[in-house]
Structure formats: structure tokens, C-alpha cells
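Some notes on the structure that comes next.
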């Protein structure tokens, strides 16, 4: 999956990501505008360098159609985004013995590719 995501980033199809904000630990670095990240492929090699351009935390059920499209996965619709990540979020919550609901906070991050 890492190879596929790296290819989507390099192609410009994927320019956003979402993560479960509730599972960030106090020591975790929460993304911020201007942050640089290295996108790795499936073998752990650098595939691209990206810069965070936007960060916001919204409830799961308020993630926008635009954000779903920018993530670039599946058919790029909000319906697809809500079905696939819901399974991902539910699994993450189960691992820490918490329940998923549509109001869990989602960290929505947008980025631009600087180098590949």
C-alpha cells in the first residue's frame, strides 16, 4: 500500500491525508503548516518530500467532499472516504479499547510536493 500511496503523491493525485486525532499521544508531533515530511515507498526508501499547507481538526462526519477528493483514493468521493476510513478508524479505536463514533476528531492535513 505504501508504494501505491507514494505513486499517488508523486502524480499529484493525493495531496491530503487524514488521521485519528484522538490517538495522538502528548509526545507525538502534530502536523503544522510549513512542516516537511518524507514520503516513503514500501521498501522504506524516500519517494518524495512534501510540505504541509493546511491543518484542521474536524469531526469525522464533517470531513469535506474536497478533502476526500484530495486524498485521491478509490473513486475520490466522500462516500468512499467515509466507508474506507471508518473501518481504519474503528480498528485504531478498538486497539486502545475506545468506541468509534461519527464525531471523533479527524486531523485533516493538506500538503504540496516539493521534490520527488
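Determine the calculated [θ] at 222 nm for the chain from helices alone, applying -39500 (n - 2.57) to every DSSP H run no shorter than 4 residues and normalising by the residue count; nearest 500 deg cm²/dmol. Provide the component values of the computation, followed by the final result.
On the way: 3 runs with 35 residues, N = 116.
Taken over the chain, the calculation gives -9500 deg cm²/dmol.
Once the chain from residue 43 to residue 56 is taken as fully extended at 0.36 nm per residue, the excess over their C-alpha distance is 1.7 nm. When each of the peptides 12-18, 106-112 is scored by the mean number of other C-beta atoms lying within 10 Å of its residues, the order from highest to lowest reads 106-112, 12-18. Between residue 76 and residue 103, the modelled label-to-label distance comes to 3.3 nm, taking each label 7 Å out from Cα in the direction of the beta carbon. Coordinate range of the alpha-carbon atoms in the chain per principal axis, descending: 38, 35, 27 Å. With semi-axes defined as the square roots of five times the eigenvalues of the C-alpha gyration tensor, the equivalent ellipsoid of region 1-67 measures 21, 16, 12 Å, largest first.
Counting alpha carbon pairs within less than 8 Å and at least 6 residues apart, what relative contact order, in whole percent, applies to region 2-115? Write out the running numbers ahead of the final one.
Numbers: 187 pairs, mean separation 45.7, N = 114.
Here the relative contact order equals 40 percent.
FYI, it's all coordinate maths here, none of it is from the lab. What you see is a predicted model, and the numbers here were worked out from it, not measured in a lab. Here Cβ is always computed from backbone atoms with ideal geometry, including for glycine, and neighbour counts include all displayed protein chains.
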